[in-house]
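Visitor: Pasting a structure here, questions to come.
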Amino acid sequence: MTSENPAPGRGLRAGLPARFARAVGARANGPAGRGRRRLGTIVRISAALALAGGVYASFAPGMAAAEDTSALTPAAQLGKGLFDTSCTTCHGANAQGVPGRGPSLIGVGAASVEFQVSSGRMPMARQEAQAQRKDPFFNEDQTRQLAQYIQELGGGPEIPQGPLTPTGSKEATAEAVARGGQLFRLNCGSCHTAGTGGGALSSGKFAPAIAPASERQIYAAMLTGPQNMPVFGDNQLTPEQKREVIAYVQTMQAQEPGGWGMGKLGPVTEGLAIFLLGMTALVFTSLWIAGKS
């Protein structure tokens, strides 16, 4: 026979979990519980923002510094605008280079930029064994602005101010040209030939003719060593010696010592011309003699 009333204490034990849950819920919904939930939310949001910032910084190093133009001169700021629109595809937004496209420009200096841009070698139309000289894309002022931006961005060699050729009397200039010729034949003639006409190198490369180059381009090339050319810093050739070399090159551009230059390529063209002219003369002479006999 069962009793319809529960055993003493059983209802009390059954009601304890429910009362405990209501007490916990009351504490959680109270002011202290809401504060803890808000604090947890703030911590999670802060951690997410910190993680996102770290990922961005790792994939875009230096971009914040590159965007800061407050320390640039007005000319460099104009140069930065030109760089951002015409050079970032190959050299990157902060001039640190793009693998497989273009090298870093940090530290190359204004002289290198002025040589490459003023001679039309940059921007390149496509990747080649050697950048070809062509009509410049930027005018002289824009070239100087680009050079100034790269100079202020990372430093490097600069073309000095003032004349880039020897000054003085006619006799002193002639002596400087003679010394420049000796320096040119010793340091440059093996690639550019003594007549400054240029010559072939290996792997599809070549030493270009110097005739179209201006005095600033020649000085910048000696100072920076573009492409296959070695660097002739001030320890190898002093600034005065560089000016003497420029004077010699300009003298060779202005005149043809020895008569017909034939491209200034040396004995190859001279021997070919003598062979063709001589053989033609001999053939016609032989035919004339045979006709007379």
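The values are calculated or read from the model by the stated rules, or taken from the named source; none is laboratory data. Quantities reported herein were computed from a predicted structural model and do not represent experimental measurements. Quick reminder, even Gly has a Cβ in these numbers, built from the backbone with ideal geometry, and neighbours come from all protein chains shown.
Visitor: Scan region 175-207 for residues that are farther than 16 Å from residue 231 by Cα and assigned to a loop (DSSP other than H, G, I, E, B) and jot them down.
Guide: The answer is 193, 194, 195, 196, 197, 198, 201, 202, 203, 204, 205.
Visitor: Note down all Cβ pairs under 9 Å where the first residue falls in region 172-195 and is in the same structural domain as residue 240 (by TED's automatic domain parsing), the second is of a type in the set (S, T, N, Q) and assigned to a helix (DSSP H, G or I), and they're at least six residues apart or on different chains.
Guide: Pairs that qualify, where the first residue is in the same structural domain as residue 240 (by TED's automatic domain parsing) and the partner is of a type in the set (S, T, N, Q) and assigned to a helix (DSSP H, G or I), are 177/250; 177/251; 179/241; 180/241; 180/251; 181/251; 183/241.
Visitor: On to the next question. With 218, 246, 210 as the choices, which residue is modelled with pLDDT of 95 or more and either out of contact with any Pro (no Cβ under 9 Å at 6 or more places or on another chain) or surrounded by fewer than 17 Cβ atoms within 10 Å (Cβ to Cβ) (or both)?
Guide: 218
Visitor: On to the next question. Among the candidates 194, 200, 207, 178, single out the residue that is under 28 Å from residue 144 (Cβ atoms) and among the hydrophobic types (A, V, I, L, M, F, W, C).
Guide: On the way: 194 fails: under 28 Å from residue 144 (Cβ atoms); 200 fails: under 28 Å from residue 144 (Cβ atoms); 178 fails: under 28 Å from residue 144 (Cβ atoms).
Only one candidate qualifies: 207.
Visitor: Somewhere in region 113-128, is a residue of a type in the set (Asp, Glu), touching a residue at least 24 places away in the same chain (Cβ under 8 Å), under 15 Å from residue 224 (Cα atoms) and assigned to a loop (DSSP other than H, G, I, E, B)?
Guide: For region 113-128, residues of a type in the set (Asp, Glu), touching a residue at least 24 places away in the same chain (Cβ under 8 Å), under 15 Å from residue 224 (Cα atoms) and assigned to a loop (DSSP other than H, G, I, E, B): absent.
Visitor: Considering only region 135-172, state which residues are in contact with a Gly (Cβ under 9 Å, 6 or more places away or on another chain), surrounded by fewer than 18 Cβ atoms within 10 Å (Cβ to Cβ) and farther than 26 Å from residue 93 by Cβ.
Guide: Passing the criteria: only 135.
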